[in-house]
Each structure stands twice: as C-alpha cells, then as structure tokens.
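One structure is given here, and the rest of the page talks about it.
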Amino acid sequence: QVQLVESGGGLVQPGGSLRLSCEASGFIFSIYHLGWYRQAPGKQRELVAAITSGGTTNYADNVKGRFTISRDNAKNTLYLQMNSLKPEDTAVYYCYARLNLVPDWGQGTQVTVSS
C-alpha cells in the first residue's frame, strides 16, 4: 500500500534553512500529484506547496519566494526546500500523494524555528 515517510525536520534559527524529504513507495510515483501541508498546535492545517505530475507548482502566499517544492521521480522522493525561515513556519509538516481528490499522507516531521 501507499507509504510516505518524511524526514529532515529539526530546530533552526529564524532566517535559516531546512530541506524536507518525503520518500514514497507502493504506488506509481511519477503519475501522482504531490505536496506538503503543515499544522501548528491550536491552528488549522494549511496547504504549503503542491506539485503536479507534470511539474507545475503552487505555493501558499506566505511561503512564496522562500519555499521550493520539487520531485525526483527516479528516487520516488518529494522535497521541500525552506529558506528564510520564520517562527511562524513552526509546525508539523506532512507530505501527501494523490491521483484523485483523496490523498495518502505521511507521518509528519517537526519543524521548529526559534532563536
């Protein structure tokens, strides 16, 4: 079955960078749409970035210019490069994969931005 495993989270200072990875298995990676959601304690889940099977990307307004989503179909891996991190970026980040409107989800990785 579909498996998604996030990694790369951690503690960084404001202005720092992190690269999240999501390793996928159990499905035809190259034809799936992929993306990242995040959720902070007490806050609603928000879509951070998405990338289609064709490579088209979309970003939340509050991460545009700072985050870059990419995929490596040969490695079945999704990435989220996060630069110029702010405390407001602190959250658990979840990757997803979908063919239709119903996604499969990873377990999440914690990102904490604090000085």
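Listed by first and then second residue, the pairs with beta-carbon distance under 9 Å, at least 6 apart or on different chains, first residue in region 95-115 and touching a residue at least 12 places away in the same chain (Cβ under 8 Å), second of a type in the set (Lys, Arg) and open to solvent by 40 Å² or more (accessible area, probe 1.4 Å), are Asp104/Arg98; Val113/Lys86. Inspect region 98-107 for any residue being open to solvent by 20 Å² or more (accessible area, probe 1.4 Å), more than 18 Å from Phe29 (Cβ to Cβ) and in contact with a Gly (Cβ under 7 Å, 6 or more places away or on another chain) and give the result as yes or no. Among the residues of region 98-107, not one is open to solvent by 20 Å² or more (accessible area, probe 1.4 Å), more than 18 Å from Phe29 (Cβ to Cβ) and in contact with a Gly (Cβ under 7 Å, 6 or more places away or on another chain), which makes the answer no. Sub-9 Å Cβ pairs linking a first residue in region 77-92 that is closer than 21 Å to Leu34 by Cα to a second residue that is open to solvent by 30 Å² or more (accessible area, probe 1.4 Å) and among the acidic types (Asp, Glu), at least 6 apart or interchain, are Thr77/Glu23; Leu78/Glu23; Leu78/Asp72; Tyr79/Asp72; Ala91/Glu46, ordered by first then second residue.
Candidates Ser70, Ser21, Ser53, Ser17: the one that is under 21 Å from Ser114 (Cβ atoms) and at pLDDT 95 or above is Ser17. Pairing each residue of region 55-66 that is over 14 Å from Tyr37 (Cα atoms) and small (Gly, Ala, Ser) with any residue that is at pLDDT below 95 and surrounded by 15 or more Cβ atoms within 10 Å (Cβ to Cβ), provided the two are 6+ apart or on different chains, yields no C-beta distance under 9 Å.
Picking from residues in region 91-115 that are in a loop (DSSP other than H, G, I, E, B) and touching a Pro at 6+ places or on another chain (Cβ under 8 Å), the one that is farthest from Leu20 (Cα to Cα) is Ser115.
Within region 4-34, the set of residues being touching a residue at least 40 places away in the same chain (Cβ under 8 Å), within 18 Å of Val102 (Cβ to Cβ) and either open to solvent by 50 Å² or more (accessible area, probe 1.4 Å) or under 17 Å from the mean Cα position of the chain (by Cα) (or both) comprises Leu4, Cys22, Ala24, Phe29, Ile31, Tyr32, His33, Leu34.
The values are calculated or read from the model by the stated rules, or taken from the named source; none is laboratory data. All figures in this text were calculated on a predicted structure; none of them were measured in a lab. Virtual Cβ from ideal backbone geometry, glycine too; neighbours counted across all protein chains shown. Remember, those area values only see protein heavy atoms, side chains included, never the ligands or the DNA or RNA. Shrake-Rupley method; radii C 1.70, N 1.55, O 1.52, S 1.80 Å.
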